[in-house]
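Here's the structure we're looking at; comments come further down.
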Amino acid sequence: MSLRLTDVLSESAARVPVRDAVVMESRRLTYAGLEAASNRMARSLIAHGIGRGDRVALWLPKSLEAVAALWGVMKAGAAYVPVDPGAPPARLAWIARNCAVSGLVTRSDRAAALEEAFAGQAPMRALWYGDDPAEAPRVAGLPAVPWRALAAEDAERPDVPGGEDDLAYLLYTSGSTGEPKGVVHTHKSALAFTEWAADTFALTHEDRLANHAPFHFDLSTFDLFSGARAGAAVHPVPPRLFAFPAAVAKSWCAQRLTVWYATPSTLTLFLTRGNLAALDLSAVRVLLFAGEVFPVKYLRQLMRLAPQARFANLYGPTETNVCTWYDVTSIPAEDRPLPIGVPSCGDECLVLDESLQPVAEGQTGELWVTGPTLMMGYWGAEERTAQVLRRLELADGPAYRTGDIVRWRHDGTLEFLGRRDHQVKTRGYRVELGEIETRLTAHEAVDEAVVVAVPDEEITNRLKAVVVLKPGSTVGEADLKQHCALTLPRYMVPESIEFRAGLPRTSSGKVDRRALQESSTTGA
Amino acid sequence: MTSTEAAIHEFLTKDVFYDQDLSGLKPGDSLLERGLLDSLAILKTVTFCEEQFGVTIPDVEVLPDNFESIQAIAALVEKQRGK
């Protein structure tokens, strides 16, 4: 067993040095090449004083350089902090300050946006550019290292002390109070999932893994880490293709990718918009999905198109990575949603009532998870961490409160029934409606705002805002969307905004979300 | 700019790139390089073109080359008009 996540890459580089590690269209890196590139990146970071326990943000489109950089950050002993490449600069700046990053890996065409976002108050010591600008752009006087300059570094892995409890990566997720939360994972929690997944799905160096999930989304840890452990090739979707289901599906089939892992929204769009039925899926060996409930009608279509493949439903919030799984052994006959299955990765699941007592089989309760895949906590937010990471009499280590309502079925699997709060999924992304509402009400013309999730067959939910303006104020839908897009990622900007004179109230005076939800769902 | 291009430009400004200044965007400029055309934006653009211009855009035509620029989208609309 490896002690650090980075060991899985070094071990594969020693075992299968000439096999492909990362492939993007005509560009590729072998395992020896990825090992060397990430070692050079690590040495460059160390030369700028970055090391064990530090954080380094990544804000660049998917590329071979982005993959080499994230491994390099960890080899330097630091944690990588992937930020949505499409996120507005203001969000990047917020995250960079929140976890006080020491370095930032980006692209030269983003320098102007950085200058503006940080306004001379960047927490970083240096910048790295995942491209080779003719002249390295400078941001607020920070040293800037273009990719080609890394060639001067030694390709040997630097000897950096570290242990399994060191930070490996931070993933920022939507926060209900209006600020994102930085979920901290360690080498230990990452390895618990990496090894379980590589073993369970019997990955080998013959496999070619699709990588659809962005690096700031935890599905990518399977592609990157379990893939590296097996010595398999990972094929990140080129940014140019990402928004086109037909183009992505076609390229995966043409490259004969053997392992697909994506959200149900992505796979559904392959079916409804990607012309999947006309493609050759015979190379698919394992097909995994996670992040939201897969409509059974589409799952059935997919299983019929790839009857030879093994299908599995993986479940787990970012805070626990994958903590349960369900092996879909036959095409489901009923339309009821698939179970989320049984505990994975050495984790244990507890279904508890309000007084934290276990409920009987068949009774609904909240899911608590304990075990090796748990996050260390939210970065710099002890109180928030303490709200969800608790010591229970029933468990040895800390237990994470998921907020998911579940029940044990007769067959010993868990069934997901819903949320106890206002967290929703859209296209597999997790969104706290409260974060969007906070942003909307921060606009000077807005008095009240409620965001509702309107169920959608293809992408799980579409976001709609209902807004009440302050007396005498005016603002248009486009301006409010723009206001949201200044700090929120695109997938959190409401698709439509309805203006009303007032919001419906319950008898206790609270906003009647159910009424808003119903009127939005029926289109009334 | 043709009238088709102008209508697409207006739609993108209002409904897709609402947080960008598109005043200087020429019909031939790349939209994909801006990295903001996500899958939902593409679906909305397809729906807009179908409703606005009365054409059908089959899924197999929804590819990067056909959405590279306003010019490319307009060319796709014209091509589908003949069908």
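For the range A:12-46, filtered to residues that are more than 26 Å from the chain's Cα centre (by Cα) and in contact (Cβ under 8 Å) with a residue 40 or more places away in the chain, the residue that is farthest from A:R208 (Cα to Cα) is A:I46.
Based on what the data block shows, is A:L142 surrounded by fewer than 18 Cβ atoms within 10 Å (Cβ to Cβ), under 16 Å from A:L45 (Cα atoms) and in contact with a strand residue (DSSP E or B) (Cβ under 7 Å, 6 or more places away or on another chain)? Here the answer is yes, as A:L142 does meet what is asked. Residue count for the range A:271-316 satisfying the condition of being within 14 Å of chain B (Cβ to nearest Cβ) and surrounded by 23 or more Cβ atoms within 10 Å (Cβ to Cβ): 2.
For the range A:491-499, the criterion of being surrounded by fewer than 19 Cβ atoms within 10 Å (Cβ to Cβ), β-branched (V, I, T) and free of Cβ contacts under 8 Å to residues at least 60 places away in the same chain is met by no residue. Identify, from the list B:G82, B:G28, B:G35, the residue that is at pLDDT below 85 and away from chain A (no Cβ under 14 Å). Unique residue meeting the criteria: B:G82.
Is it the case that some residue within the range A:200-214 is within 14 Å of chain B (Cβ to nearest Cβ) and among the hydroxyl-bearing types (S, T, Y)? For the range A:200-214, residues within 14 Å of chain B (Cβ to nearest Cβ) and among the hydroxyl-bearing types (S, T, Y): absent. Within the range A:67-87, being in contact with a Pro (Cβ under 8 Å, 6 or more places away or on another chain) and assigned to a loop (DSSP other than H, G, I, E, B) holds for A:A76, A:G77, A:D84, A:P85, A:G86, A:A87. Counting residues in the range A:305-315 that are part of a loop (DSSP other than H, G, I, E, B) and closer than 21 Å to A:L417 by Cα gives zero.
Report yes if some residue within the range A:452-462 is among the β-branched types (V, I, T), buried (at least 21 other Cβ atoms within 10 Å of the Cβ), over 18 Å from A:G178 (Cα atoms) and within 14 Å of chain B (Cβ to nearest Cβ); otherwise report no. The answer is yes, given that some residue of the range A:452-462 is among the β-branched types (V, I, T), buried (at least 21 other Cβ atoms within 10 Å of the Cβ), over 18 Å from A:G178 (Cα atoms) and within 14 Å of chain B (Cβ to nearest Cβ). All told, A:V237 meets the bar of being touching a residue at least 60 places away in the same chain (Cβ under 8 Å), of a type outside the set (F, W, Y) and outside the structural domain of A:G346 (by TED's automatic domain parsing). Of all the criteria given as (1) within 12 Å of chain A (Cβ to nearest Cβ); (2) modelled with pLDDT of 90 or more, the one not satisfied by B:S69 is (1). Within the range A:23-40, the set of residues being crowded, with 19+ Cβ neighbours inside 10 Å and among the polar types (S, T, N, Q) comprises A:S38, A:N39.
Only residues that are more than 19 Å from A:S344 (Cβ to Cβ) and not aliphatic (A, V, I, L, M) were counted across the range A:404-427, and they come to 10.
What residue, among those in the range A:219-243 that are surrounded by 22 or more Cβ atoms within 10 Å (Cβ to Cβ) and at pLDDT below 95, is farthest from the other protein chains (Cβ to nearest Cβ)? Filtering the range A:219-243 for residues that are surrounded by 22 or more Cβ atoms within 10 Å (Cβ to Cβ) and at pLDDT below 95, the one farthest from the other protein chains (Cβ to nearest Cβ) comes out as A:F242. Residue selection: A:Q301 fails the criterion of being modelled with pLDDT of 95 or more, part of a loop (DSSP other than H, G, I, E, B) and more than 21 Å from A:W196 (Cα to Cα). Those strands (runs of 3 or more DSSP E) of the range A:1-59 in which at least 1 residues are of a type in the set (D, E) and either within 20 Å of A:V234 (Cβ to Cβ) or in the same structural domain as A:G103 (by TED's automatic domain parsing) (or both), considering only elements entirely within it, cover A:20-24.
The values are calculated or read from the model by the stated rules, or taken from the named source; none is laboratory data. Note that the structure is a prediction, hence the values are computed from the model and not measured. Methodologically, a virtual Cβ is constructed for each residue, glycine included, from the backbone with ideal geometry; neighbour enumeration extends over all protein chains shown.
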